[in-house]
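A.B. asks: Please find one structure pasted underneath; my questions will follow.
The values are calculated or read from the model by the stated rules, or taken from the named source; none is laboratory data. Owing to the predicted nature of the structure, the values given are computational and were not obtained by experimental measurement. Backbone-built Cβ (ideal geometry, glycine too); neighbour counts: all protein chains shown. Ligands, DNA and RNA are stripped out before the accessible areas are found, and what is left, the full protein with its side chains, is counted by its heavy atoms. Shrake-Rupley method; radii C 1.70, N 1.55, O 1.52, S 1.80 Å.
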Amino acid sequence: MSDKLNFSPESLVRLQSYSLLTLEGPDAVAFIQAQSMNDVNALADGQWHWNGLLNPKGRLIALFALVRIRGDLLYLLSPDLVAEKLRVHLQRFIFRSKVKLALGSDKVCAAEFDSDHGVNTPRDFIGGDLENGFTLDFTSDTCCRRLWLLPADLAAGVPFSATSEAKWRDTDIQHGLPRLSEIQIELWTPQMLSLEHLNAFSLKKGCYPGQEIVARTHYLGQAKRQTRLVQGRNLRPEMPIFNGQLKVGEIVCTNSKNELGLAILQSNVDSNLLVCGETQLMSLQALTGLQRPV
């Protein structure tokens, strides 16, 4: 990690959709390694990746950025499921593990677009320190942006903008990062959501809830559904998608204009014959480069 980061509050905007859960204690890494779908042991201090929690049937409960600050301190940064719900879920599995779960209510999440703050760290490592805050590089192949985690007192001058919040979420979706509502919890496997494009789950780590389903789906080639970026009009989450009279999928999430979205579709469907509502859908390629490690 780098030294103190310099920033101007005017260059940042608050993100209200992201929330933070901290895991602290000598068993922090071992605990989350046993519960999450990606390999936390493979992370170095100061490194981050996409990760998540599954139920025993391999269905996604939550997707988050997991940051290893050091061996006894980790951050779980959730774009949709509020940190309190993450805490309640994980608390049930602590037993005798020496780890404390706490809400990061003393931190403010903020977005920075198209600005170079001068810290030359690899994209999958963080900059900053505990006292002055951290930054995660969300830069991709086509877009430069950073997510900041700032102490509340330092973020006092950072404004909120609904337009900027929507822009950040829209960019997530364009890169294939599903933005899920609470009613979509435990509906889909990582493969259905095409989370391999974000390097968000591991096939080589040890056991974790849902691991058997994930591995079986991969090695038997049984992923019959996958997520694609689609374009249309008046799209809404949960809207069915048809190919002729046959339902072949549904909308997962949409951008702020309801014209782009991520859709779960049958893998063998003809993408040129998709209809959702009263509009024909166009299948697009999601933007690349948001996977971590790079």
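A.B. asks: Could you compute the net charge surrounding residue 161? Neighbours are other residues with a C-beta less than 12 Å from the C-beta of residue 161; K and R count +1, D and E count -1.
C.D. replies: Result for the neighbourhood of residue 161: 0.
A.B. asks: Express in whole angstrom the spacing between the alpha-carbon centres of segment 1-55 and segment 103-180.
C.D. replies: 12 Å
A.B. asks: Show the residues, 5+ positions off or on another chain, whose built amide H is closer than 5 Å to the amide H of residue 248.
C.D. replies: 241, 242, 243
A.B. asks: What number comes out for the charge environment of residue 38, summing +1 per Lys or Arg and -1 per Asp or Glu over other residues with Cβ under 13 Å away?
C.D. replies: Around residue 38, the surrounding residues sum to +1.
A.B. asks: Something else about it: From the backbone phi of segment 145-157, what are the Karplus-calculated ³J(HN,Hα) couplings (6.51 cos²θ - 1.76 cosθ + 1.60, θ = phi - 60°) in whole Hz, Gly and Pro given as x?
C.D. replies: For segment 145-157, the Karplus curve yields 7, 9, 10, 9, 10, 10, x, 4, 5, 6, 9, 4, x Hz.
A.B. asks: Which of rounded, prolate, oblate describes segment 154-202, given a ≥ b ≥ c as roots of the alpha-carbon gyration tensor eigenvalues and a/c under 1.5 marking rounded, otherwise prolate only if a/b is larger than b/c?
C.D. replies: prolate
A.B. asks: Next up: Taking amide H atoms as placed 1.01 Å from N in the peptide plane, list the residues 5 or more away in sequence, or in a different chain, whose amide H sits under 5 Å from that of residue 281.
C.D. replies: Under 5 Å from the amide H of residue 281 lie the amide H atoms of 274, 275, 276, each far enough along the sequence or on another chain.
A.B. asks: I've got another one for you. Mind checking which lysines have their C-alpha under 24 Å from residue 85, skipping anything on the same chain fewer than 8 residues away?
C.D. replies: Filter leaves 57, 98, 100, 107.
A.B. asks: What residues have an amide H closer than 5 Å to that of residue 286, excluding those fewer than 5 places away on the same chain, when H is modeled at 1.01 Å from N in the peptide plane?
C.D. replies: Sorted by chain and number, the residues that satisfy this are 229.
A.B. asks: Using the heavy atoms of the protein chains alone and a 1.4 angstrom probe, what is the accessible area of segment 139-294 per residue in square angstrom?
C.D. replies: On a per-residue basis, segment 139-294 sits at 49 Å².
A.B. asks: Now for a separate question. Set the Förster radius R0 to 41 Å, insert the Cβ-Cβ distance between residue 16 and residue 98 as r into 1/(1 + (r/R0)^6), and round the FRET efficiency to 0.05. Before the final figure, lay out each step's value.
C.D. replies: On the way: r = 33 Å, r/R0 = 0.80.
For residue 16 and residue 98, the calculated efficiency is 0.80.
A.B. asks: If you don't mind, there's one more thing I want to ask. Give the whole-number value, in cubic angstrom per residue, of the convex hull volume spanned by the C-alpha atoms of segment 179-279.
C.D. replies: In segment 179-279, the Cα hull volume divided by residue count equals 107 Å³.
A.B. asks: For every helix of n ≥ 4 consecutive DSSP H residues, a contribution of -39,500 (n - 2.57) applies; sum these over the chain, divide by its total residues, and give [θ] at 222 nm rounded to the nearest 500 deg cm²/dmol. Each step should come with its number before you reach the end.
C.D. replies: Values: 4 runs with 39 residues, N = 294.
Counting only the DSSP helices, I get -4000 deg cm²/dmol.
A.B. asks: Give me the net charge of residue 211's neighbourhood, meaning all other residues with Cβ under 13 Å from the Cβ of residue 211; Lys, Arg count +1, Asp, Glu -1.
C.D. replies: +3
A.B. asks: Each residue of segment 29-34 in turn: what ³J(HN,Hα) in whole Hz from Karplus with 6.51, -1.76, 1.60 and θ = phi - 60°, glycine and Pro shown as x?
C.D. replies: Once rounded to whole Hz, the list reads 5, 4, 5, 6, 4, 6.
A.B. asks: Given bins 5 angstrom wide, list per bin the percent of all Cα-Cα distances in segment 1-146, short to long.
C.D. replies: It works out to 2, 9, 19, 23, 21, 14, 8, 4, 1, 0, in whole percents.
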